[in-house]
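The values are calculated or read from the model by the stated rules, or taken from the named source; none is laboratory data. From a predicted model like this one, the values you see are computed outputs, not experimental measurements. No Cβ is skipped: glycine too gets one built from the backbone with ideal geometry, and neighbour counts run over all protein chains shown.
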Amino acid sequence: MTATETEAAAGRDFIRDIVAADLDAKRVAGVVTRFPPEPNGYLHIGHAKSICLNFGIAQEFGGRCHLRFDDTNPTKEEQEYIDAIENDVRWLGFDWGEHLYHASDYFERLYEWAEHLIRAGKAYVDDSSPEEMRRLRGTLTEPGQESPFRSRGVAENLDLFRRMRAGEFPNGARVLRAKIDMAAGNINLRDPALYRILHAEHPRTGTKWCIYPTYDFAHGQSDAIEGITHSICTLEFEDHRPLYDWLLENLPVPSRPRQYEFARLNITYTVLSKRVLTQLVQQGHVSGWDDPRMPTLAGLRRRGVPAAALREFVRRVGVARANSVVDLALFESTIREHLNKAAPRRLAVLRPLKLVIENYPEGATEELAAINHPEDPAAGTRKLPFGRELYVERDDFMENPPKKFFRLSPGREVRLRFAYFVTCREAVKNAAGEVVELRCTYDPATRGGNAPDGRKVQGTIHWVAAAHAVPAEVRLYNTLFARPDPGARGDIMADLNPNSLEVLKDALVEPALAADTTDGPVQFERQGYFCRDRDSRPGRPVFNRTVGLRDSWAKTQAGG
RNA sequence: UGGGGGAUCGUCUAACGGUAGGACAGCGGACUCUGACUCCGCCAGUCUAGGUUCGAAUCCUAGUCCCCCAGCCA
């Protein structure tokens, strides 16, 4: 982060207010936060909010932030996800230093604490089937009933729990439960499960364990072990806070963290449900977790979104307790702002239409100077080859243009960016009546783009020289979902956008784009920001559109 | 009908009993060798009804609407 960004990120929200107050009142000596993902999928932009919050607070208040994998359910977790998560957090710009932890690091201690609870008469082994437990739990409006196993003695509970650990029972046969209150209005307090039997191989502990702590039994204690002061999570865990507190109060934990909840991020046209994202990958609706249409950090990275833009977006969104849905336009605006400053400009024709300059000498070639960045003279210039045959954008010609159309049409003069004024004399059509070529004339006196007689043109269009253009593939991305509120009407897959990907295989780009194989962003003038995809091959670059330029002409047309 | 939360411009978010502000979106204009960028202007909000107060988005009362919870998921 730059200094200014760090400063800007110090903007206040209710959580930072709490941290500041705790520090002021010396309730805590220093702030310690943590980002605790479960390694059962890839990180997405919703996680970015949590990452920026936790790591950001640690930075701003001079504390530290841990990366902790909440790996308590080996049936869902994989090493691939662990590796991807570490990579993504680093890419986002954060560093956990020495503080990389796993809930599984604490399995032995958690087990001891479970026995502690049993000895204190506050936990018991229940032989009920899952169905029976559900039946006795009651409903939202009716209290639950006590299990017949609730009154088991300490010795029997201890024996049974040890035999659970020893692997004497099959999955689901028994469970360790906290003894709290089956009549509690908060269902999480109706004797929640603490340990379940899972004969499964864990990515880190292998087959050492066949019983695993639940989220509730692992999370708060892990926080306490690490000395976390502010345990920040999303709103749906609000109901778990009483249980979080109950466990910390009934166990000999080394510290006393506090949980605070904030509203998770939602964005229009976007789905941030790990379940649905997994489904998109598994059913082949996207090419993988890093498909540039995915809201995953891997997808956004491949799409060309700068990490700094992601951080800035999260900052602009803010942190509150009210559920909300952020306009995708805010994200796009933030991306453009960053890319506008960073991206050198280039000319690329996405949907080529041949243009022949009849009065330009056959076989002649010349080079014209083009600036690389209009707002940054230090970016310098480059040479653009020019010739009698060019390609221009199909959209830049209309045989019968509407009012205010400032581009090419029969008889109209426009400027070719950095080159000459040309006037369209004729549109050549094929048998099907489609325009296949434009015959034009140019004014040699306008070399460089200005007329000595001072006359103006209303439009400037981009182009490439036929003899020097490099063929390229360009991938245009639209939202994965066609509706701003995917799934709101039931079947979320029914809301998939059939036009989320448009592949242009016949694009032509200026030579400089083929020569440069670095990874930085680039602006195709008048079109948008692009980045080179890893599918690029020598002589055949592939570009992803990160985001289009604002297009008030298109808006006018659509509106009119 | 249980428990826990939340309501401020179209959207997100400030305000901490004292001028309801910012950003995005939208609209209009200036500038322009990108219909981009930039700049200027405009539009627009405290869920409702009472109450306390010199003064209420903020405090009180009563409503309304929205979200979360009945995994041996996290």
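Observations on the model:
- Looking only at residues of region A:330-344 that are surrounded by fewer than 20 Cβ atoms within 10 Å (Cβ to Cβ) and in contact (Cβ under 8 Å) with a residue 40 or more places away in the chain, we find that the one that is farthest from residue A:316 (Cα to Cα) is A:344.
- Criterion: within 13 Å of RNA strand B (Cβ to nearest atom), assigned by TED's automatic domain parsing to the domain that holds residue A:85 and assigned to a helix (DSSP H, G or I) - qualifying residue of A:15, A:57: A:15
- Residues of region A:165-176 satisfying the condition of being of a type in the set (A, V, I, L, M) and either surrounded by fewer than 20 Cβ atoms within 10 Å (Cβ to Cβ) or modelled with pLDDT under 95 (or both): A:166, A:173
Table: residues versus (1) surrounded by 13 or more Cβ atoms within 10 Å (Cβ to Cβ); (2) in a helix (DSSP H, G or I); (3) within 12 Å of RNA strand B (Cβ to nearest atom); (4) not hydroxyl-bearing (Ser, Thr, Tyr).
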{"residue": "A:82", "(1), (2), (3), (4)": "yes, yes, no, yes"}
{"residue": "A:97", "(1), (2), (3), (4)": "no, no, no, yes"}
{"residue": "A:115", "(1), (2), (3), (4)": "yes, yes, no, yes"}
{"residue": "A:132", "(1), (2), (3), (4)": "yes, yes, yes, yes"}
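- Selection within region A:300-324: residues that are free of Cβ contacts under 8 Å to residues at least 60 places away in the same chain and either among the aliphatic types (A, V, I, L, M) or more than 13 Å from RNA strand B (Cβ to nearest atom) (or both). The member of this set that is farthest from residue A:546 (Cα to Cα) is A:322.
- Of all residues in region A:227-278 being assigned to a helix (DSSP H, G or I) and outside the structural domain of residue A:189 (by TED's automatic domain parsing), the one that is farthest from residue A:318 (Cα to Cα): A:278
- Condition met for residue A:85 (closer than 18 Å to residue A:308 by Cβ and assigned by TED's automatic domain parsing to the domain that holds residue A:201): no
- Qualifying residue in region A:180-196 (condition: within 7 Å of RNA strand B (Cβ to nearest atom), of a type outside the set (Val, Ile, Thr) and free of Cβ contacts under 8 Å to residues at least 12 places away in the same chain): yes
- Exclusive hit being surrounded by 15 or more Cβ atoms within 10 Å (Cβ to Cβ) and within 10 Å of RNA strand B (Cβ to nearest atom), set A:395, A:327: A:395
- Check on residue A:257, more than 20 Å from residue A:532 (Cβ to Cβ) and crowded, with 20+ Cβ neighbours inside 10 Å: yes
- Within region A:462-490, tally of residues that are surrounded by fewer than 23 Cβ atoms within 10 Å (Cβ to Cβ), among the aliphatic types (A, V, I, L, M) and modelled with pLDDT of 95 or more: 5
Residue by residue, here is whether (1) in a loop (DSSP other than H, G, I, E, B); (2) in contact with a His (Cβ under 8 Å, 6 or more places away or on another chain); (3) within 16 Å of RNA strand B (Cβ to nearest atom); (4) touching a residue at least 60 places away in the same chain (Cβ under 8 Å) holds:
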position	(1), (2), (3), (4)
A:484	yes, no, yes, yes
A:508	no, no, no, yes
A:531	no, no, no, yes
A:545	no, no, yes, yes
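- One residue stands out in region A:371-392 among those that are of a type in the set (Asp, Glu) and either at pLDDT below 95 or within 12 Å of RNA strand B (Cβ to nearest atom) (or both): the one that is surrounded by the fewest Cβ atoms within 10 Å (Cβ to Cβ), namely A:375.
- Region A:322-338, residues that are under 15 Å from residue A:46 (Cα atoms) and in contact with an Asp or Glu (Cβ under 9 Å, 6 or more places away or on another chain): A:325
- Residue list for region A:177-219, restricted to those being of a type in the set (Val, Ile, Thr), over 17 Å from residue A:68 (Cα atoms) and surrounded by fewer than 18 Cβ atoms within 10 Å (Cβ to Cβ): A:187, A:207
- Unmet criterion (only one of (1) surrounded by fewer than 20 Cβ atoms within 10 Å (Cβ to Cβ); (2) more than 30 Å from residue A:270 (Cα to Cα)) for residue A:355: (1)
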